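The values are calculated or read from the model by the stated rules, or taken from the named source; none is laboratory data. All values reported here derive from a predicted model rather than from experimental measurement. Counting neighbours? That spans all protein chains shown, and the Cβs are built from the backbone with ideal geometry, glycine included. What goes into the accessible areas is simple: the full protein's heavy atoms, side chains included, and nothing from ligands, DNA or RNA. Shrake-Rupley method; radii C 1.70, N 1.55, O 1.52, S 1.80 Å.
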Amino acid sequence: MASVPHFPYDRLWQDLSAVWQKVWSARPTVTFVVLLYAAYMVAAKVGEGFSIIPGTNITFWPPAGLMVGMLLVTPRASWPWLLLTGALGESTANALWFGNPPSHTVLYILGNILEVSAGALIYAKLAQTPDRVNTLRDSIAFVLSALAAPVAGATVIASVDAFIAQKHDFAEAWALLWLGDTTGILSTTPLVLVAERVWAARNDLSRLRVLEAALVIIAALLVFIAAMYGWQQFAYSNLPLLAWLAIRTRFAGAAVAMALLTLTGTIIVSNGLGVFGQDENFLPVRVVFLQSYLGVSALVSLLVAVLAQQYEETLSRLKELNRSLEENVKQRSESLRETDERLQLALEAAESGTWAWDERAQRTSWDQRFMEAHGLLPEQPMTIDTWLSAIHPQDRQAVREQFEQFRMVSGAERWEREYRIQHPQSGEKWLLTLGKAERQNGGKLISLKGICLDITFRKTHEERLRMLMRESNHRKKNLLAVVMGIARHTVAYQPEDFLARFQARIHSLAAGYDLLIGNAWRGADLRQLIELQLAHLTDLVGKRIFIEGPKIQVGASISQPLGMALHELATNASKYGALSNSDGEVRIHWELDPPAHPVEATTFRLSWTESMGPPVVKPSRKGYGTAVTGNMIEMAVAGDVRIAYEPQGLTWSMSCPLSRLMEGDGMAPPPDFSR
């Protein structure tokens, strides 16, 4: 036996409970309900006043527009409460003014609920802003909803009147009901939407604008009343006034004007005033005309208001875009200014000038720094010839040829040239110009722009480096020659302790080099040089070794041989002389001997005097020490060297021009140990 499907009552109950909870939480306040009920009753009375046949229910129906507007400005969860309030108002109006039986009233209420719900849903679906009419799309959506929604209400109510109550023909009643409800929506719904927005922005209203709108509305009412009293030809003269209101106040003024026109028409029709108190046979036609007039006026006002609103919003967007563009331009300008400032700072820091060549105009331009770097004057014309005239004659022709070739060669993009100038104040300077070319597709030069750098310091530094390299090579050759000479003479005269003596002499040579390198080859202080060569006897300095003399700077070329000579003297004194016992002394003294005549040079004198040592015996042969302390020094200083082997102690002395001692190119020839 097949099982019977179980209906999900629990799920249905949960869904219904959730819907009810949502609807209950969205319930309006009592005050809101009372005000809506009162507004519905007023709108129904206005509609009753437009009855073509007084006492019937075929009428212009503002309550439809009221309810559509209220549904659009409230959340959908609260719609049931609004529809119940409208149903209560409909029941009351039928009981007070239309006299329809309850069964008919229920069907009328159903038709009105379908109509206003359809109108609100259609507009919300089609419109760009569902709670207001702002754009052309909104306006078209509103007109379509106003034309479509009354189909439901007119069909239900016309069916009741024609087939149940049998009061009117269905086609005739349907057309009039559709026209009445459409007019009601077109004229009343904008008023509701505007009222909600005006109330929200009530503090921003301009008093002058309100006064202007009031005067135009009064004028429109006067024209409307005149038309109702026989001057129908002036009826549509209201359209310019309504358009004025729509342009100046958008929907607010136009909606208020339409509401007042509708109310005024209701009073005139219900009291049989003006043309409505004349021949009753034409009363239906006049009421239909009035309905059409109000509908057309409402439609025109709506469209003009929408176009004005769009124009204002477009203008506002354009202003915002313009403001944004101005802000962007301001930011870009500020950024360009900061970039230019940074560029100027960079150019100033690099001491760079700028220049440009315009090939089309055959015009040259440069800035102040370029002009100052080339030693040009402000009154000199900015031309290629002026620039070339500042270049050193030996470089000028080469620069001219390179520039002319650069202009002709289609593929050249980067310009680079170094050249000398003879600056009026600074003398000879080196400059470097760098540039980038702008060319057409075919390669023809359009312009050349670049910078100018002072590279004098770099060139001087490069020349000094080259000189130092030459000097370094020369010194290395000299050093190798010295080392070879030391080795040859050490092994020739004292082969038995060659290694020890050779190492000591090389250390002496290295010590002198260390001192020179520490002073960047600018020479050495004489006292430092002596103390360095006596480093192994430091504990005797001031006790048995006495150093005396003024501060003198010895040139680099003299420091090397003088240091080697002092080392040999100290070595011999330690082994054979005054420092070989416990009592001997060594006195190292130097002085400057002023010239006897102004034309003569100052003489430098240095002496090494030993005393209280063992008896001195003159060596039987000359060796390395004799060569170093003798002829090598004489050659180096172009002076005189004397050695006295006195019994009481050895005396060594030298003299030379002070200027020769202080010379320091460091490029003296290697000593000759063969003499």
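Overview of values
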read-out: Residue within segment 169-179 that is farther than 28 Å from ALA305 by Cα and either touching a strand residue (DSSP E or B) at 6+ places or on another chain (Cβ under 9 Å) or among the basic types (Lys, Arg) (or both) present; value: no
read-out: Wholly within segment 69-162, helices (runs of 4 or more DSSP H) carrying at least 3 residues that are under 30 Å from GLU312 (Cβ atoms) and out of contact with any Cys (no Cβ under 8 Å at 6 or more places or on another chain); value: 102-126, 136-148
read-out: Output for segment 111-144, where each listed residue is buried (at least 17 other Cβ atoms within 10 Å of the Cβ) and more than 15 Å from ILE185 (Cβ to Cβ); value: ARG132, ASN134, THR135
read-out: Subset of segment 438-453 [among the aliphatic types (A, V, I, L, M), within 13 Å of ALA412 (Cα to Cα) and open to solvent by 20 Å² or more (accessible area, probe 1.4 Å)]; value: ILE446
read-out: Breaking point among (1) open to solvent by less than 30 Å² (accessible area, probe 1.4 Å); (2) without any contact (Cβ under 8 Å) to a residue 12 or more places away in the chain, for VAL586; value: (2)
read-out: Single unsatisfied condition, ALA373 versus (1) open to solvent by 50 Å² or more (accessible area, probe 1.4 Å); (2) touching a residue at least 12 places away in the same chain (Cβ under 8 Å); (3) over 25 Å from ILE446 (Cβ atoms); value: (1)
read-out: Pairs, first without any contact (Cβ under 8 Å) to a residue 60 or more places away in the chain in segment 376-402, second open to solvent by 50 Å² or more (accessible area, probe 1.4 Å) and of a type in the set (Asp, Glu), C-beta under 9 Å, six or more apart; value: HIS392/GLU428; ASP395/GLU418
read-out: Every residue from segment 427-454 that is aliphatic (A, V, I, L, M) and either modelled with pLDDT under 85 or farther than 21 Å from ASP367 by Cβ (or both); value: LEU445
read-out: Those residues of segment 401-423 which are touching a Leu at 6+ places or on another chain (Cβ under 9 Å), closer than 19 Å to ALA373 by Cβ and open to solvent by 70 Å² or more (accessible area, probe 1.4 Å), in sequence order; value: GLU416
read-out: Residues that are part of a helix (DSSP H, G or I), at pLDDT 75 or above and open to solvent by 60 Å² or more (accessible area, probe 1.4 Å), drawn from segment 223-243; value: ILE225, PRO240
read-out: So GLN553, is it open to solvent by 60 Å² or more (accessible area, probe 1.4 Å) and not aliphatic (A, V, I, L, M); value: yes
read-out: Per-region count, segment 599-646, residues part of a helix (DSSP H, G or I) and either more than 22 Å from GLY577 (Cα to Cα) or not aromatic (Phe, Trp, Tyr) (or both); value: 12
read-out: Near pairs, Cβ below 9 angstrom, 6+ apart or cross-chain, from segment 403-429 (within 13 Å of ASP454 (Cα to Cα)) to any residue that is in a strand (DSSP E or B) and of a type in the set (Phe, Trp, Tyr); value: GLU418/TRP430; TYR419/TRP430; ARG420/TRP430; ILE421/TRP430
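For (1) over 35 Å from the mean Cα position of the chain (by Cα); (2) among the hydrophobic types (A, V, I, L, M, F, W, C); (3) in a helix (DSSP H, G or I), each residue gets a yes or a no:
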| position | (1), (2), (3) |
| --- | --- |
| LEU299 | yes, yes, yes |
| VAL304 | yes, yes, yes |
| ALA308 | yes, yes, yes |
| ARG323 | no, no, yes |
| VAL329 | no, yes, yes |
| THR339 | no, no, yes |
| ALA356 | no, yes, no |
| ARG360 | yes, no, no |
| MET382 | yes, yes, no |
